[in-house]
Amino acid sequence: MTDGVGVELENLWIRFGEFVAVRDASVNINGGDFFSFLGPSGCGKTTILRAVSGFLQPSEGRVLIGGRDMAGIGPNKRPTALIFQNLALFPLMKVWENITFSMEVRGASASERRRRADELLEMIALEGQGNKLPGELSGGQKQRVAIARALCAEPDVLLLDEPLSALDLKLRQHMRTELRAIQQRVGITFIYITHDQGEALTMSDNVAVMRAGVIEQIGTGHAIYDLPATPFVASFVGENNVFRGKVLEVKGDEALIRTNRSGDLLAQITPAARGVLKVGDDAMMFVRPEAFSLVDDAGAHAGKSLTARVVNEEFEGNSYSVFLESEGGKRIKMSLPNVGQERVVSTGDDLILKYELRNAVAMPAGELASE
Amino acid sequence: MARPRLFAEYFRTNGRFLGITMMLLVGFWIIVLILLPQLSMLDFSFRYNLPPAEQGGPKDVYTLDNYRHLIYGAGGGEGSYNTVDLMVFGRTILAAMAVTVADLILCYPLAYYLGQSRGSGFVRLLVVLLIIPYWINEILRAFAFRIIFADGGIINAAMMGLGLIDQPIDFIRADIALYTGLGYAYILLMLFPMYNAIESLDRNQIEAARDMGASWVHIHRRIVIPHAKPGISSGMTMVFMLSAGALAAPQILGGPSSLWFTQLVYQWFNNSLNWQQGSAYAIVLLMASIAIVLTFMKIFRVNMGDIGK
Ligand SMILES: Nc1ncnc2c1ncn2[C@@H]1O[C@H](COP(=O)(O)OP(=O)(O)O)[C@@H](O)[C@H]1O
Ligand SMILES: [Mg+2]
């Protein structure tokens, strides 16, 4: 874990004129980590990556790679390699020339480059395709050539800017696994950028979630999914039911919330808001669709259950999505696993939904991710 | 195999009426305006310059005399060469090449700058500023150069004013005015194809190369120039062809002792009224220019097909 070269961002600000693209970002990325920046398009992910690779000078703050301040060091002098959003393969060069471009720059001989290209082609399972032009490869193959080209430079840190966004779904899922495997094999630090939370969660050791230039939360995929720090993170990562209300009572790490339309509900306070969330505050609490289960009697689950009527039901293959409306008119989504039963619910049923305390997170009210 | 599909595609997108009309117009353009005049020139070039009465008579036969004249001169004797005309020919070709290369060197940085700083309104303004002088007729521009480069012109005046020289330089006699004028006359034909080619280069490719440690020279040699090659070669072809075939600039800006080959052609047609001889000279210039362009395209591995892109 600690072998690789780490990257630190210290109070990084990046401005384009008046516009602030990155606002006071501080991150500590461990050497050898697969670290992702996750956020909607336009939130400043590429800008951060460009600051790490050296194409852009921060307006304030520092970028450190392996503990060394990178101020004034150009992209060609940093131990990073960037894989561009559109890959930027050189269309007029053969695949093997593309892959070994960094060696060509250093003046390596053609035979040496050929040998290295063959090794890398084997690693990306494209043996014998070195003499093709990039235009003759499929999307996934181009993707792998771009990775090989970046790895050929033997960087300490590989920077990937939404490299899978151009691929179709199946290939994207396949490449996720492959990228993760490559990262584990080469053991260097990967900094990965994506707007796709599935990619971030499956591949990363740690994830930073960004909104409008601000890092809202940094943590493992689990921490971010289970204990989102802000309403934005809760609603951007995965699906969530949001209940708005006021804090009625705070007991240790728990809060009782008087929701606007679903009665009084209990939730744990997200770690970031402990000691901050006070009685009387506007709050939001989140329960994921899969955290609900059905019970016959609300009695045993006081404060952790609600009743609602089924409005609609959708079969998703591995699960059913059930859409309900509480007595107060609040729309709720729950997801029930498909375990081979006949239909479990039908439209018009009144159901009692309950959740476990650990699956409900409360925090001060804030802005949600817009769909 | 691709041919019938190409036609089908062409008619499908343009419709039958428009498709046929366009083909007729292009056909007319090529046959009537280009092919026929050139063919009759070619025919002329192999005939004797006869008085009208003898044309079509028994003496009107094909001959290589007109071509022989360029090489051996009026005497036609082997061993004595037409050095004057051959020198003019060689000088014209070499000077046109030099003008082409000079334009290339001048335009490349500009085309790169314009092409890569895309989108900004200022750049568009710069491009318009470059075009404006071309609203002025070529002959007027040549005369303007003559005025600038004259003994009492602003260049001499400025250099004398600064104390750089104490005698005016005869730019006309030294052919400096001519080369500058030619270079200026066709410079946009170099700039625009190159600008278009460079503009279409993905900026990320340059950054990717830089990220992998490439120097600027390496980036230009391996990424920018190969990408811009079709634009560079069409620019160079046009500038070379037009400079070698230019008439106005050499007439107006050329020194008294140095002729451009086109001026010889002009003299044969106009002063000597020997169209046959003039045609032969014109054909030689055309063929030599084409051969040179094709040779360079071969050396630099440029495909004809890429140029139209
Ligand atoms: N060179 C630039 N000049 C001005 N604004 C820029 C520049 N680069 C990016 N931006 C702006 O900064 C914001 C973040 O951009 P970016 O980092 O590319 O977002 P993303 O998260 O989609 O990668 C966007 O609003 C974008 O318009
Ligand atoms: Mg981006």
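Return the pairs, sorted by first residue and then second, in which the second residue is polar (S, T, N, Q) and within 16 Å of ligand 2 (Cβ to nearest atom), the first residue lies in region A:2-26 and is in contact (Cβ under 8 Å) with a residue 24 or more places away in the chain, the beta carbons are less than 7 Å apart, and the residues are 6+ apart or on different chains.
Going by the 7 Å Cβ cut-off, the qualifying pairs are A:Ile14/A:Thr47; A:Ala21/A:Thr47; A:Val22/A:Thr47.
Has region B:65-86 got at least one residue that is modelled with pLDDT of 90 or more, assigned to a helix (DSSP H, G or I), within 20 Å of B:Ile283 (Cβ to Cβ) and among the aliphatic types (A, V, I, L, M)?
yes
With a cut-off of at least 1 residues that are within 14 Å of another protein chain (Cβ to nearest Cβ), name the helices (runs of 4 or more DSSP H) lying wholly within region B:154-225.
B:187-199, B:203-211, B:216-219
Name the residue, out of A:Arg331, A:Arg274, that is under 14 Å from A:Phe243 (Cβ atoms) and open to solvent by 10 Å² or more (accessible area, probe 1.4 Å).
The unique qualifying residue is A:Arg331.
Of all residues in region A:137-164, count the ones that are assigned to a loop (DSSP other than H, G, I, E, B) and in contact with a His (Cβ under 8 Å, 6 or more places away or on another chain).
Number of matching residues: 1.
Does B:Tyr266 satisfy being under 19 Å from the mean Cα position of the chain (by Cα), open to solvent by 10 Å² or more (accessible area, probe 1.4 Å) and of a type outside the set (Lys, Arg)?
Yes, satisfied.
Working carefully through the options A:Leu164, A:Leu151, find the one that is under 30 Å from A:Ser41 (Cα atoms), within 24 Å of the chain's Cα centre (by Cα), surrounded by 17 or more Cβ atoms within 10 Å (Cβ to Cβ) and within 16 Å of ligand 2 (Cβ to nearest atom).
Being under 30 Å from A:Ser41 (Cα atoms), within 24 Å of the chain's Cα centre (by Cα), surrounded by 17 or more Cβ atoms within 10 Å (Cβ to Cβ) and within 16 Å of ligand 2 (Cβ to nearest atom) holds for just one of A:Leu164, A:Leu151, which is A:Leu164.
For region B:27-54, which positions are within 17 Å of B:Ser279 (Cα to Cα), surrounded by 11 or more Cβ atoms within 10 Å (Cβ to Cβ) and not aliphatic (A, V, I, L, M)?
B:Gln38, B:Ser40, B:Asp43, B:Phe44, B:Ser45, B:Phe46, B:Arg47, B:Tyr48, B:Asn49, listed by residue number.
Restricting to region A:39-59, and then to whatever is within 10 Å of ligand 1 (Cβ to nearest atom), away from chain B (no Cβ under 14 Å) and not β-branched (Val, Ile, Thr), can you tell me which residue is nearest to the chain's Cα centre (by Cα)?
A:Gly39
Provide a single number: the residues in region B:132-147 that are open to solvent by 60 Å² or more (accessible area, probe 1.4 Å) and out of contact with any Gly (no Cβ under 9 Å at 6 or more places or on another chain).
8
The values are calculated or read from the model by the stated rules, or taken from the named source; none is laboratory data. Note that this is a predicted model, so its numbers are computed, not measured. Here Cβ is always computed from backbone atoms with ideal geometry, including for glycine, and neighbour counts include all displayed protein chains. Accessible surface areas use protein heavy atoms only, side chains included; no ligands, DNA or RNA. Shrake-Rupley method; radii C 1.70, N 1.55, O 1.52, S 1.80 Å.
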